[in-house]
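Engineer: Quick one: the structure is below, questions incoming.
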Amino acid sequence: MDYATFLQIFDTTLRLATPLLFACLAGLYSERAGVFDIGLEGKMLMAAMASGAVAALSGSVWIGLMAGIVGSLAFALVHGIASITFRGNQLISGVALNFVASGITVLIAQDLFGQGGRTPPLEGGARMLEITLPLAETLRPVPVIGPLYADVISGHPILVYVGLLLVPATWWLLYRTRFGLRLRAVGENPASVDTAGVSVKRLRFSAVLIAGVLCGLAGAYMATGLQAGFGREMTAGRGYIALAALIFAKWRPWHALWACLLFGFFQSLALRPDVMQAVGIKIPGPALDALPYILTVVVLAGLVGKAVPPRAGGEPYVKER
Amino acid sequence: MMGAHDTGRQASAAPFAIELKGISKAFGPVQANKDISIQVAKGSIHGIIGENGAGKSTLMSILYGFYKADAGEILINGRPTTIPDSQSAIRAGIGMVFQHFKLVQNFTVLENIILGAEDGPMLATSLGKARKVLADLAREYELDVDPDALVEDLSVGHQQRVEILKALYRQAEILILDEPTGVLTPAEADHLFRILRGLKDQGKTIILITHKLREIMEITDTVSVMRRGQMTATVKTAETNPEQLAELMVGRKVLLHVEKQPANPGRTVLEVENLRVVDEQGVERLKGISLSIRAGEILGIAGVAGNGQSELLEVLGGLTRGTGVVRMNGKTLDLTGRHSDGQSRRADGIAHVPEDRQVLGLIMDFTAWENVAFGYHHAPEYQKNGLLMDNEAIRRDTEAKMATFDVRPPIPTLAAKNFSGGNQQKIVVAREIERNPDLLLVGQPTRGVDIGAIEFIHKQIVALRDAGKAVLLISVELDEIMSLSDRIAVMFDGRIMGERDPATTNERELGLLMAGVSEGAA
Amino acid sequence: MMDKLPKWADILLVPLISLLLAALVSALVLLAIGQSPMQALTVMVNGAIVSPYGWGYTLYYATSFIFTGLAVSVAYHAGLFNIGAEGQAQLGGLGVALACLFLPWPHWSLALVGAMVGAALFGAAWAAIPAWLQAKRGSHIVITTIMFNYIAAAVLIYLLVEVLRPAGQMDPASARFPATTSLPQFQDIPGLQSLFLRYAADGTVRLNAEGLPLYQKVPANVTFFLAILACVGVWVMLWHTRLGYMIRAFGKSEKAARYAGISAVKITMTVMLISGALAGLMAINNVMGQSERLLQNSAEGAGFIGIAVALMGRNHPVGVFLAAILFGFLYQGGAALGLETAIPIELRTVVQGLVILFTGALDQMVRMMLGWAFRARRTV
């Protein structure tokens, strides 16, 4: 296998890891605040449909992006109302919203475009352009590093870079700001926040809504960046892979990046059976698909360190006497 | 000083730090607080004493903005103040140290201190400032804690200091402590009292909620007594004595006098040698307990809550594992293996009325009859046709037990949660005693139970003893221990400090043992 | 405390109101995409109930949903949320396929017994690992069962493509099962048979070349009666055996269960094995009773519908049975919508999601609404 193939695979890895990363960080905010979010998948799907459809109708990917965020936020809001306001079962709420999203996206897309639940292929300004980073062409001739910079790091839609930047930003927000301190506290012991005179509900809602925005970016990237349009069930379980990555990363931002890159790498390998053959490793495609889940179970089993979720995760907060 | 807080209305005297006027609060039909008024002078330590469920915590929750009072008025430093939420309480200068700490376990001490009281959106400035303030407070009040330690690594006493520091960091002038010594060792409690005196000397006002008379006598300036939601009296501590306070608390002169004949002990039923229990956090809770109980006697275990009594009950009842030797009717019990569970213990003739009936003893959503079978669901008389449970037989049995124990209402199909505390306890006691066990383990048999049921339950326990059975009684109510027991052992810090004869001992002697003062020194 | 409802209202009205709310939201969705909710309902009723053909499908779907609904319910009574019924049902399908393909069966009734053992064993086995991880390691069973759904899908794709697919066949599926394993469908069952006669336009019964009457083929099969038996069995197990008693006690309070000497590990394992076996048994209906070979994604989401069915049916076998019929109607009716109207078949997924949302997550809201209604009535 040559260097160029390597680069191709890493290039694909980065592309495929981006939606995982957005969704994983979304889950991180929500779960760090004590609200479990199985509904990442549904929010992504909703955002993909909304952004794909609006981009197709308006011809502008940016209006589409906003629509995607709004669509995802609507679902996040329902999740917040169910699990924070009415103290419902957070897991069930997430599962339910995934089903609603799975159905309603097809209903709306079919009604708008009549193409079997798909949007028409996006073209021109309705797609997210790939941007070339400065000096990409200048540096290309430099051996090893040049092509890496020009082909793998440069040349992605802007959301890829936004996703990468969100990792340090999230770390900073969580560990260096007042908001982050309170967010982490509310996921560990909401009573500590409540008795300190800070609203548990408001904090948790903001976390859930941040998750909504991030899932919106994930979905919009899928429909307008990674692919040219929305197709039914196009997220194909990525929300759950992101959830797996979140557990794999033990709810920490930098680890989330590595987990998503790893899982993205598996996905890109699964797309290249030729490479697998060339290296002489015979891993069946389905095994690669299942690898993120298997690794997550291994982590959950405590075989590789212990994954301790936020202590108040999944429990509605009730003031006690 | 006077001028600073002068509101014009009270020109003659300094206003009270806190004044409550006619506070009432009901939860549905339950009147938790009825027309409560108190006045707490600035720079004093005021005790509020009362039994469990007397309404102390509700009153303090109102003061801290957790509940809104149905009626009444709160004055802080003479100014009428509304406290709709905790933020307002903090702003009014009130700090609260809850019985169950409100700390984030995997945060550092500093992070816990600044949480909710940060200066600006960036943490760095807040942390720096808090570190300095903390150092000052530590010097001033003996409140040393490592600011960078994780709370989960701190001892309970230190965690409580963090709570106090949190309040002081928020510049609380009024500090409320809810049952602060329940989880402390005597040494830690002494330290806490030194801290409180120091705070008082600096002009802070302190409200101490407790049900321990000794603490009230030791540290407070004035004391209010609560009973059944009402404030029965407020007196100067110097002008009262424990007997008077106890009477005010309970409402009648003699709380407990159980009619019983002298014990007639027979063969040894339970022998415990060098029993040790280590909890999940790796802390040794029982540090080598040895005791024995004979047929026909009640061994009472006295002690401050948290000194290993719960663990003793749990390991004997098969809920937790331990090491050492426990012999029941001469048979060595399994303390670690697959027979160290509740079923095996029952098979060996041990019945167990647990300390917390709502968490352990009953399934609150189950009906009364389902609860009567609880733990005895394998009993042959509850089965039929080999495979099935004979629900009809259990219901009949429940009706019989309800009649014997006067459970009201006598409806077997009613859910446990729909019975009063006393009747719930009667169901548990009936279930365990009617099995005619050789040994009855019983923890806090009358906690949260009304007077009538208390007498009834006590009679049943004595009757079991008179029937030649062994009873191990654990209670934090010293009166209960003294009036029921034939022998009294005192537990402190996971050990038995000594044994006394109830006929010859007194509260003072037991109190010293409970405080960890060993026999030689006593 | 204040919103306490009478027991009957809690059991009956809460699911009904939830269903009504779900229907209302769905109707709004339909209006929003320019369709008529009334027309949709008519098409669904015609397609799913009116004709024997329709309810032959409705009951077929309901059969699958009963099994998965019971699977979710049984686990729920022990306080465990089994989202893995989908994967367990797929593995159950594998068990059925192996039993039918590789063992010689002289008669369908014996094949049924053999396939049931295979289905239950494989389904239970797939639930065993998440159960063990929950019991021994404290890994959240919801997460592990989700992971196991995906792992199941991967395992089956691999087996169907690489191992079970007969040479020369293109689609990823096993070989057809032998004819001796074919289960009687409703039109084959004496007594039910006459309901499925095919009629010519003049009202006479249509005959085949040999002069025998022709019947409409429906997928509902004898498994339906097994499903009813399973309901009865689960009911007896939960409320009339020691095991059921221990399961319910454990589900209500893990701590108290320990006091009573009920082993958490044992109950968690047992209940998940039963749950997995029930989910696996669903495969008798679809794999053995209908497709007669193992297809990719054989469970087709029935495992997830089990969640809705269990919630709607209040985790009681009678409720599960009724809710399963309702969802059978929804599924067959939804299919009719897809065929006869411009409304996509996915409408049923929306309704399913909404029912789960209202019964499982917004149940407090529904109760609150009912509480107001009750108090208003009392004060009038």
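The values are calculated or read from the model by the stated rules, or taken from the named source; none is laboratory data. Since this is a predicted model, take the numbers as computed values, not measurements. No Cβ is skipped: glycine too gets one built from the backbone with ideal geometry, and neighbour counts run over all protein chains shown. Note: accessible area is taken over every heavy atom of the protein model, side chains too, but ligands, DNA and RNA are not part of it. Shrake-Rupley method; radii C 1.70, N 1.55, O 1.52, S 1.80 Å.
Engineer: For residues that are farther than 30 Å from residue B:36 by Cβ and among the β-branched types (Val, Ile, Thr), scanning just region B:66-120, find the one that is most open to solvent (accessible area, probe 1.4 Å).
Structural biologist: So, considering only residues that are farther than 30 Å from residue B:36 by Cβ and among the β-branched types (Val, Ile, Thr), the one most open to solvent (accessible area, probe 1.4 Å) is B:108.
Engineer: Open to solvent by 10 Å² or more (accessible area, probe 1.4 Å), touching a helix residue (DSSP H, G or I) at 6+ places or on another chain (Cβ under 7 Å) and either away from chain B (no Cβ under 14 Å) or of a type outside the set (A, V, I, L, M, F, W, C) (or both): is that true of residue A:227 in this structure? Walk me through how you get there before you give the answer.
Structural biologist: Values: open to solvent by 10 Å² or more (accessible area, probe 1.4 Å): yes; touching a helix residue (DSSP H, G or I) at 6+ places or on another chain (Cβ under 7 Å): no; either away from chain B (no Cβ under 14 Å) or of a type outside the set (A, V, I, L, M, F, W, C) (or both): yes.
Judged against the criteria, residue A:227 is not a match.
Engineer: Taking the criterion of being under 28 Å from residue B:241 (Cβ atoms) and either open to solvent by less than 40 Å² (accessible area, probe 1.4 Å) or in a loop (DSSP other than H, G, I, E, B) (or both), would at least one residue in region B:460-470 satisfy it? Please lay out each step first, then the result.
Structural biologist: Residues of region B:460-470 under 28 Å from residue B:241 (Cβ atoms): none.
Checked against the condition, which is being under 28 Å from residue B:241 (Cβ atoms) and either open to solvent by less than 40 Å² (accessible area, probe 1.4 Å) or in a loop (DSSP other than H, G, I, E, B) (or both), region B:460-470 yields no hits at all.
Engineer: Which residues, taken from region B:233-270, are touching a helix residue (DSSP H, G or I) at 6+ places or on another chain (Cβ under 7 Å), over 30 Å from residue B:467 (Cβ atoms) and modelled with pLDDT under 80?
Structural biologist: The answer is B:242, B:245, B:246, B:253.
Engineer: I would also like to ask the following. So which pairs qualify, if the first residue must be in region B:234-250 and free of Cβ contacts under 8 Å to residues at least 40 places away in the same chain, the second must be of a type in the set (D, E, K, R) and loosely packed, with under 14 Cβ neighbours inside 10 Å, the Cβ gap must be under 7 Å, and the two must be at least 6 apart or on different chains?
Structural biologist: B:247/B:253
Engineer: Of all residues in region A:104-128, how many are free of Cβ contacts under 8 Å to residues at least 60 places away in the same chain and not in a helix (DSSP H, G or I)? Quick ask: steps written out before the conclusion?
Structural biologist: First, pick out the residues of region A:104-128 that are free of Cβ contacts under 8 Å to residues at least 60 places away in the same chain: A:104, A:107-108, A:110-112, A:114-115.
Going one step further and asking which of them are not in a helix (DSSP H, G or I), we end up with A:114-115.
Looking only at that region, the number is 2.
Engineer: Which of the residues spanning region C:347-364 are of a type in the set (Val, Ile, Thr), at the interface with another protein chain (Cβ under 7 Å from one of its Cβ atoms) and open to solvent by 10 Å² or more (accessible area, probe 1.4 Å)?
Structural biologist: At the first step, the residues of region C:347-364 found to be of a type in the set (Val, Ile, Thr) are C:349-351, C:355-356, C:359.
From what's left, at the interface with another protein chain (Cβ under 7 Å from one of its Cβ atoms): C:349-350, C:356.
C:349 - this is the single residue of region C:347-364 that is of a type in the set (Val, Ile, Thr), at the interface with another protein chain (Cβ under 7 Å from one of its Cβ atoms) and open to solvent by 10 Å² or more (accessible area, probe 1.4 Å).
Engineer: Next question. Given region C:28-108, what helices (runs of 4 or more DSSP H) lie entirely inside it while holding 1 or more residues that are open to solvent by less than 10 Å² (accessible area, probe 1.4 Å) and not small (Gly, Ala, Ser)? Give the derivation first.
Structural biologist: Details: elements: C:37-45, C:52-77, C:85-102.
Qualifying helices (runs of 4 or more DSSP H): C:52-77, C:85-102.
Engineer: From the list C:318, C:309, C:271, which residue is open to solvent by 50 Å² or more (accessible area, probe 1.4 Å), among the β-branched types (Val, Ile, Thr) and not in a loop (DSSP other than H, G, I, E, B)? Spell out the reasoning first.
Structural biologist: Numbers: C:309 fails: open to solvent by 50 Å² or more (accessible area, probe 1.4 Å); C:271 fails: open to solvent by 50 Å² or more (accessible area, probe 1.4 Å).
Being open to solvent by 50 Å² or more (accessible area, probe 1.4 Å), among the β-branched types (Val, Ile, Thr) and not in a loop (DSSP other than H, G, I, E, B) holds for just one of C:318, C:309, C:271, which is C:318.
Engineer: Residue B:148 passes all but one of (1) within 18 Å of the chain's Cα centre (by Cα); (2) assigned to a loop (DSSP other than H, G, I, E, B); (3) modelled with pLDDT of 90 or more; which number fails?
Structural biologist: Status for residue B:148: all satisfied but (1).
Engineer: Applying the selection to region B:310-325, what residues are in a helix (DSSP H, G or I), in contact with a Gly (Cβ under 8 Å, 6 or more places away or on another chain) and open to solvent by 10 Å² or more (accessible area, probe 1.4 Å)?
Structural biologist: Residues of region B:310-325 in a helix (DSSP H, G or I): B:310-316.
Then drop every residue that is not in contact with a Gly (Cβ under 8 Å, 6 or more places away or on another chain), which leaves B:310-311, B:313, B:315.
Those that are in a helix (DSSP H, G or I), in contact with a Gly (Cβ under 8 Å, 6 or more places away or on another chain) and open to solvent by 10 Å² or more (accessible area, probe 1.4 Å): B:310, B:311.
Engineer: Inside region B:393-423, can you point out the residues that are outside any loop (DSSP other than H, G, I, E, B) and among the charged types (D, E, K, R)? Full working, then the answer.
Structural biologist: In the first step, residues of region B:393-423 are kept if they are outside any loop (DSSP other than H, G, I, E, B); the result is B:393-404, B:415-418, B:421-423.
Hits for region B:393-423 are B:395, B:396, B:397, B:399, B:401, B:417.
Engineer: Still on this structure, please answer the following. Determine, yes or no, whether residue C:343 is open to solvent by less than 10 Å² (accessible area, probe 1.4 Å) and in a helix (DSSP H, G or I). Walk me through it before giving the result.
Structural biologist: Details: open to solvent by less than 10 Å² (accessible area, probe 1.4 Å): yes; in a helix (DSSP H, G or I): no.
The answer is no for residue C:343.
Engineer: Among the residues of region B:78-89, is there at least one that is at pLDDT below 90 and part of a strand (DSSP E or B)?
Structural biologist: Among the residues of region B:78-89, not one is at pLDDT below 90 and part of a strand (DSSP E or B), which makes the answer no.
Engineer: Hey, another quick one. Which residue out of C:223, C:241, C:204 is open to solvent by 60 Å² or more (accessible area, probe 1.4 Å) and either out of contact with any Cys (no Cβ under 8 Å at 6 or more places or on another chain) or closer than 21 Å to residue C:49 by Cα (or both)?
Structural biologist: Details: C:223 fails: open to solvent by 60 Å² or more (accessible area, probe 1.4 Å); C:241 fails: open to solvent by 60 Å² or more (accessible area, probe 1.4 Å).
Being open to solvent by 60 Å² or more (accessible area, probe 1.4 Å) and either out of contact with any Cys (no Cβ under 8 Å at 6 or more places or on another chain) or closer than 21 Å to residue C:49 by Cα (or both) holds for just one of C:223, C:241, C:204, which is C:204.
Engineer: Still on this structure, I have one more. Using beta carbons and a limit of 6 Å, which pairs, at least six apart or on different chains, have the first residue in region C:150-167 and more than 8 Å from every other protein chain (Cβ to nearest Cβ) and the second one polar (S, T, N, Q) and surrounded by fewer than 18 Cβ atoms within 10 Å (Cβ to Cβ)?
Structural biologist: Pairs that qualify, where the first residue is more than 8 Å from every other protein chain (Cβ to nearest Cβ) and the partner is polar (S, T, N, Q) and surrounded by fewer than 18 Cβ atoms within 10 Å (Cβ to Cβ), are C:160/C:296.
Engineer: I would also like to ask the following. Out of curiosity, is residue B:393 within 14 Å of chain C (Cβ to nearest Cβ), farther than 30 Å from residue B:272 by Cα and small (Gly, Ala, Ser)? Please lay out each step first, then the result.
Structural biologist: Numbers: within 14 Å of chain C (Cβ to nearest Cβ): yes; farther than 30 Å from residue B:272 by Cα: yes; small (Gly, Ala, Ser): yes.
Here the answer is yes, as residue B:393 does meet what is asked.
Engineer: Restricting the search to region B:360-378, which residues are open to solvent by 10 Å² or more (accessible area, probe 1.4 Å) and either more than 7 Å from chain C (Cβ to nearest Cβ) or over 22 Å from residue B:408 (Cα atoms) (or both)?
Structural biologist: Going through region B:360-378, the residues open to solvent by 10 Å² or more (accessible area, probe 1.4 Å) turn out to be B:360, B:364-365, B:367, B:369-370, B:376, B:378.
B:364, B:367, B:369, B:370, B:376, B:378, listed by residue number.
Engineer: Out of the residues in region B:181-232 that are on the phi > 0 side of the Ramachandran plot and open to solvent by less than 50 Å² (accessible area, probe 1.4 Å), which is modelled with the lowest pLDDT?
Structural biologist: So in region B:181-232, the residues on the phi > 0 side of the Ramachandran plot come out as B:203, B:228-229.
Checking the rest, the ones that are also open to solvent by less than 50 Å² (accessible area, probe 1.4 Å) come to B:203, B:229.
Values: B:203: 92, B:229: 85.
The extreme case among them is B:229.
Engineer: Sticking with this one: Could you grab me the full set of residues in region C:301-326 that are more than 13 Å from chain A (Cβ to nearest Cβ) and of a type in the set (Phe, Trp, Tyr)?
Structural biologist: Matches in region C:301-326: C:321 only.
Engineer: Right, here's the next one. With (1) open to solvent by 60 Å² or more (accessible area, probe 1.4 Å); (2) among the charged types (D, E, K, R); (3) at pLDDT below 90 as the list, and residue B:21 as the residue in question, which single condition is left unmet?
Structural biologist: Just one mismatch for residue B:21, condition (3).
Engineer: A follow-up question, please. Check region B:154-171 and report whether any residue there is assigned to a loop (DSSP other than H, G, I, E, B) and hydrophobic (A, V, I, L, M, F, W, C).
Structural biologist: First pass over region B:154-171, keeping only residues assigned to a loop (DSSP other than H, G, I, E, B): B:154-155, B:170-171.
Adding the requirement that they be hydrophobic (A, V, I, L, M, F, W, C) leaves B:154.
Within region B:154-171, one or more residues are assigned to a loop (DSSP other than H, G, I, E, B) and hydrophobic (A, V, I, L, M, F, W, C).
Engineer: Would you check which residues across region A:62-83 are within 13 Å of chain C (Cβ to nearest Cβ), of a type in the set (A, V, I, L, M, F, W, C) and buried (at least 24 other Cβ atoms within 10 Å of the Cβ) and list them?
Structural biologist: Across region A:62-83, the qualifying residues are A:75, A:82.
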